[in-house]
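Note sheet for the following structure.
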Amino acid sequence: HVHNLGLAITFRDALDGALDMGADIIVNIDADGQYDPQEISKLIAPVVDDNADIVLGSRFAGYIEEMPMSKKLGNKIATKVASRAAGKHFSDAQTGFRAFSKDAAMRLNIMSDFTYTQETLVQAVNKNLRISEVPVNFYKREGESRLFPNVWNYSKRGGSTLIRTYLYHKPLKTFLILGGLVFVAGFMLGLRVLLHYLTTSRVTPLLPSSVFAAVLLIVGFQVIILGLVADLIRRNQNVQEEILYRLKKDRNAKK
């Protein structure tokens, strides 16, 4: 790119470019010299043997020469959150050393404009792609990071991307939980008002509670309905993504 469009868009365009060149296996490696290119053969081995669609080079399962404590803690927290969101355990969800099969690259659709690391994993798990990890060496950085100089800013924007990705793939579950909690809170509060009315034959002094309970019940019900609508939209998007995948596959087969 002539101008800096961000890591996620660069990664997306790199995948498309590699597919256009007819690549069978695509390796992504950060350009800061912290990963060893000689380990590429080890990284792609599970893909070559058809045991994985995506392989992560795990720093925490391998050797780390140097990593600031703040970044190490941030990486571990982000990995734990990404693992929970994806529903699969990873030892290093933030790694910048990855291998993708051709089929996996065609199935991934990067929507974030910030980072691809968590989004690709959540997508891959939801698309039933096989993911494995291999230990890799991680060396001291020469110079400062130009991508994410501020750990807090990266955590904030990366967390936002992860939440949006999870909502995109699990809208019904998310809204059912949120709406259900609000609805149950309204029901319990309304039950208290009802019991008071049955024993005293009056609503006062719980009239404000009864109004609040009604509001909670209505809001909770609306959130659940919103989840059902979002799930229908997501199912339609699944069809569109499958069409896009087949178009990519057909275009790639003609090269």
Check your understanding: Each label point is 7 Å from the Cα along the Cα-to-Cβ direction; what then is the distance between the points at Asn51 and Phe187, in nm?
Key -> 4.8 nm
Check your understanding: For all pairs of alpha-carbon atoms in the range 7-169, what percent lies in each bin of width 10 Å, listed from the first bin to the last filled one?
Key -> 10, 42, 39, 9, 0
Check your understanding: Under a straight-distance cross-link criterion of Cα-Cα below 20 Å, which lysines are reachable from Lys88, leaving out those fewer than 8 residues away in the same chain?
Key -> Lys76, Lys80, Lys127, Lys170, Lys173
**Study point:** the chain: angle of helix 171-200 to the longest principal axis, Cα-based, in degrees nearest 10
**Key:** 20 degrees
Check your understanding: Short version: ³J(HN,Hα) in whole Hz for each residue of the range 120-129, in order, from phi by Karplus 6.51 cos²θ - 1.76 cosθ + 1.60 (θ = phi - 60°), x for Gly and Pro, what are they?
Key -> 5, 6, 4, 4, 4, 5, 5, 9, 6, 7
Practice item. Rank-order 240-246, 112-118, 30-36 by packing density, defined as the average count of other C-beta atoms within 10 Å over each peptide's residues, highest first. Key: 112-118, 30-36, 240-246
**Study point:** Length gained when the stretch Lys254-Ile218 is fully extended (0.36 nm per residue, less Cα-Cα span)
**Key:** 7.5 nm
Check your understanding: Got a sec to turn the phi values of the range 9-15 into Karplus ³J(HN,Hα) couplings, 6.51 cos²θ - 1.76 cosθ + 1.60 with θ = phi - 60°, whole Hz, x for Gly and Pro?
Key -> 5, 4, 5, 4, 5, 5, 4
**Study point:** At most 10 other Cβ within 10 Å, DSSP loop - trypsin sites (Lys or Arg not before Pro), the range 85-140
**Key:** Lys140
Point to revise | Hz values of 3J(HN,Hα) by residue in the range 87-92 - Karplus curve (6.51, -1.76, 1.60), Gly and Pro given as x | key: x, 8, 6, 10, 8, 7
Study note, to complete from the structure: Long-range amide H partners of Glu133, meaning residues 5 or more apart or on another chain whose placed amide H is closer than 5 Å, are Leu56
Practice item. Could you work out the relative contact order of the chain, using alpha carbon pairs under 8 angstrom and six or more residues apart, expressed as a whole percent? Key: 23 percent
Practice item. Sort Lys254, Lys72 so that the residue with the fewest other Cβ atoms within 10 Å of its own Cβ comes first and the one with the most comes last. Key: Lys254, Lys72
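Pull up the DSSP beta bridges for the chain and report the antiparallel fraction as a percent, rounded to 5.
Antiparallel bridges: around 55 percent, rounded to the nearest 5.
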Review point. Once the Cα atoms of helix 69-86 and of the chain are each reduced to a long axis, what angle between those two axes, in degrees from 0 to 90 to the nearest 10, is obtained?
Key: 70 degrees
Study note, to complete from the structure: The answer for trypsin sites (Lys or Arg not before Pro) in the range 168-231 that fall in a DSSP coil and have at most 13 neighbouring Cβ atoms within 10 Å is Arg202
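No value in this document is a laboratory result; all are computed from the given coordinates. Please read these numbers as outputs of a predicted model, since none were measured by experiment. Please note: Cβ atoms are built from the backbone with ideal geometry, for glycine as well, and neighbour counts cover all protein chains shown.
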